[in-house]
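The values are calculated or read from the model by the stated rules, or taken from the named source; none is laboratory data. Source: prediction; values computed, not measured. Quick reminder, even Gly has a Cβ in these numbers, built from the backbone with ideal geometry, and neighbours come from all protein chains shown. Quick note on the areas: whole protein, heavy atoms, side chains included, nothing else; ligands and nucleic acids left out. Shrake-Rupley method; radii C 1.70, N 1.55, O 1.52, S 1.80 Å.
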Amino acid sequence: MTDGAHAATGPGRTPREVATHCPYCALQCGMTLRDESGRATVLPRQFPTNRGGLCQKGWTAAELLDHPERLTTPLLRDPAGGGLRPASWAAALDRIVSGLRAVQSGHGRDAVAVFGGGGLTNEKAYALGKFARVALRTRHIDYNGRFCMSSAAAAGMRAFGIDRGLPFPLADLGRADTLLLVGANPAETMPPLVRWLTEQRERGGRLIVVDPRVTATARQADLHLQPLPGTDLAVANALLHVALTEGWIDRDYVADRTSGFEAVRRAVAGWWPARAEALSGVPVADLEATARALGTAERVIILTARGAEQHAKGVDTVTGFVNLALALGLPGRPGSGYGCLTGQGNGQGGREHGQKADQLPGYRRIDDPAAREHVAGVWGVPADELPGPGVPAYELLDSLGTPAGPKALLVFGSNPVVSAPRAARIEGRLRDLDLLVVADFLLSETAALADVVLPTAQWAEEDGTMTNLEGRVLRRRALRPPPPGVRTDLEILADLTARLRGGAGGADATDPRVVFAELRRASAGGIADYAGVSWERIDERDGVFWPCPAEDGPDTPRLFADRFPTPDGRARFHAVEHRPAAEEVCAEYPLHFTTGRVLAQYQSGTQTRRVAALRRAAPDAFVELHPDLAGRLGIGDGEPVRVVSRRGELRAPARLSTAIRPDTVFAPFHWGGAARANSVTNDAVDPVSGMPEFKICAVRLERVDEP
């Protein structure tokens, strides 16, 4: 019986229950799942991150387990008719293996690529990376977390020597005297986190929000800075300028625990508040008030999220706020620090164990000879047979089907047709492939294009671990087995490996407990060290914080107390300068366009758009614009409009709101088809992280006169 589960249900028997976690965001709220007479329901569960609370997405999560559109048999594209038809597993796997062999025989090993997801368990993320590098021996693997966390990850690595979303427990948020949220809207993206914001304000703390929109979170703030999209770095440098001018810098901390401050001091000397106001539109008085709230409080936390990070200068923008945190002496102090609000359910663990193009398990660099030797030893292959670094997600997707790019792609846990920037172009690239394989439990927009679709288990049908935004490794527990005809991702990868090797598979590779034990060995000694994290240890407490090198040693809820994991133990300042967005407004495209989420939907919407209650709460896409802009263009509330960029267009009803700047329009990215926001977004990428510029591009807005 699964750990944490009561007896299975049946006539006259006790309903089966398991203690597990929500399948959606990185908060990973605790919940109890109950199966009574074959019907799954969600019950509250006391857990540190959510204290029994859930958002509407969490309360309705079980409805997808028995959804009528659930995939329960493999699908093969009919070469004659072009449509997808049911097939046996043997036929589907044979088609995949023969296609992979043909592609690699004709074009080389790197002609096959793998694309993963930030919602996969640690075990599946690890197995996917191993499958790409050992079974396929391709360098081409990346994942949709590149579109989420990569800029904050790169900034954290170069400043602190480590990438963990929150280097302190979530409860610290409630203790902060000043809390600065930059590009974060947790009231809609992870509502149970708001209880910590409420606790913080009830204690007399100040909440300051930086966001171009008056979001649900911004409405709760004591002070809201509403900058032009793409100018957050100017705001960060101006705040540090004021802190320096007013003498709020912790000079002992800077001298004892950091390096590189002098270059940053010189760089921000020119960022007087009036200059930042001219660029960002944030009044000087608000910049000075924010700097004062940060510089004079005892406990201060600065958090960034996608609004600041999803830019072609996202790494530098995050670095600007990290510089501010270091100058104020925040990291490593209880109740203070810098952190990042990770987005996807396993956005943290999913990037630690081998899905990223340049990484091996344990957050090791794939071009590090020592790292290659260690992981190759665990995998039982020569280190020189491991492929080198691949390319970031957008570059990979944009190369598909081209003469020099991969000719086959396997997709697990992602829907790039909706989620990738310049999505129409990426959809075309997917259509150009010789072989597209998608593993999913619903027919997403990407799966609908596939040559082979493999039905996979859902979150409540398999065991595994997840790592939440705090770096807390958690246990996901199965309530019941998958439906007949459905396999887990681990089983699919093991089956493909066995066939590619001529039948030499390993049954252990399908057992998540065994896979996690191997992951622990592979991560040992790495930055993200899970060697001391066992399922039993997780079960004994409310999760285990990495790094945790030894089973009989401590874990690490709080980082940086004594030193930073850099060669000299010091955090590193980096001078960063504001630069314009990759695409600026002009006469033809005079408006700024930005994207984001809404409360009732999640990611590309493949799951949440199929839940009746969530569909009622947020049934359709929309384009949010200011009434002044609507008046100039003759657009009424609810009228259909077209948002046009140099890359494509979206169509949706107008939603008039004073929450948006008059020079900016907003659309949520949860819908495909004509309302696909990412048809419009810019595919310019950050040169360090590979993050696309989702949050700003130049557009024009048009009325749609036809129905």
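Overview of results
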{"read-out": "Region 207-259-region 58-75 distance, computed between alpha-carbon centres (Å)", "value": "43 Å"}
{"read-out": "Accessible surface of region 627-707, 1.4 Å probe, proportion on carbon and sulfur as whole %", "value": "51 percent"}
{"read-out": "Of ASN50, ALA127, PRO79, farthest towards positive along the dipole that unit charges on Lys, Arg, Asp, Glu beta carbons give region 48-143", "value": "ALA127"}
{"read-out": "Radius ratio Rg over Rh of region 258-415, counting only Cα atoms, Kirkwood formula for Rh", "value": "1.07"}
{"read-out": "Probe 1.4 Å - accessible area at TRP89, Å² to nearest ten", "value": "30 Å²"}
{"read-out": "Over region 406-486, volume per residue of the alpha carbon convex hull, in Å³", "value": "115 Å³"}
{"read-out": "Region 569-617 - Rg (one decimal) and Dmax (whole number), Cα, Å", "value": "19.7, 52"}
{"read-out": "Region 22-97: radius of gyration and largest Cα-Cα distance (Dmax), Å", "value": "18.5, 55"}
{"read-out": "Region 552-643: C-alpha gyration tensor shape, a/c 1.5 cut-off, then a/b vs b/c", "value": "oblate"}
{"read-out": "Cα gyration tensor shape of region 467-540, rounded if a/c is under 1.5, else prolate or oblate by comparing a/b with b/c", "value": "oblate"}
{"read-out": "Label point at ALA171 placed 7 Å out along Cα→Cβ; residues across region 46-66 whose backbone nitrogen lies under 18 Å", "value": "46-53"}
{"read-out": "Separation in nanometres of the label points that stand 7 Å from Cα toward Cβ, at ASP78 and ARG51", "value": "5.7 nm"}
{"read-out": "Region 78-136, Rg to Rh (Cα coordinates; Rh as Kirkwood inverse mean 1/r)", "value": "1.04"}
{"read-out": "Region 19-175 shape via C-alpha gyration tensor axes, a/c threshold 1.5", "value": "oblate"}
{"read-out": "Cα-based equivalent ellipsoid, region 296-388: semi-axes from gyration tensor eigenvalues, Å", "value": "34, 15, 12"}
{"read-out": "Region 1-159 - share of DSSP beta bridges that are antiparallel (%, nearest 5)", "value": "85 percent"}
{"read-out": "Label zone at ASP358 (point 7 Å along Cα-to-Cβ), backbone N below 11 Å, region 668-707", "value": "687-691"}
{"read-out": "Entries of LYS313/LYS407; LYS130/LYS356; LYS313/LYS356 with Cα pairs more than 22 Å apart", "value": "LYS313/LYS407"}
{"read-out": "Inverse mean reciprocal Cα-Cα distance (Kirkwood Rh) of region 112-211, Å", "value": "16.3 Å"}
{"read-out": "R0 of 41 Å, Cβ-Cβ distance ASP562-ALA383: FRET efficiency to nearest 0.05", "value": "0.75"}
{"read-out": "Long-range tail of P(r) for region 618-704 (Cα pairs > 15 Å, %)", "value": "56 percent"}
{"read-out": "Burial order of peptide ranges 220-228, 258-266, 354-362 (average beta-carbon count within 10 Å, highest first)", "value": "354-362, 220-228, 258-266"}
{"read-out": "Evaluated over region 295-350, the Cα radius of gyration and Dmax, each in Å", "value": "12.4, 37"}
{"read-out": "Separation between Cα centres of region 436-461 and region 310-379, rounded to whole Å", "value": "29 Å"}
{"read-out": "Over region 192-344, volume per residue of the alpha carbon convex hull, in Å³", "value": "119 Å³"}
{"read-out": "The chain, helix-only ellipticity at 222 nm - DSSP H runs n ≥ 4, -39,500 (n - 2.57), divided by all residues, nearest 500", "value": "-8000 deg cm²/dmol"}
{"read-out": "When the convex hull of its Cα atoms is projected in every direction, mean area for the chain (nm²)", "value": "30.2 nm²"}
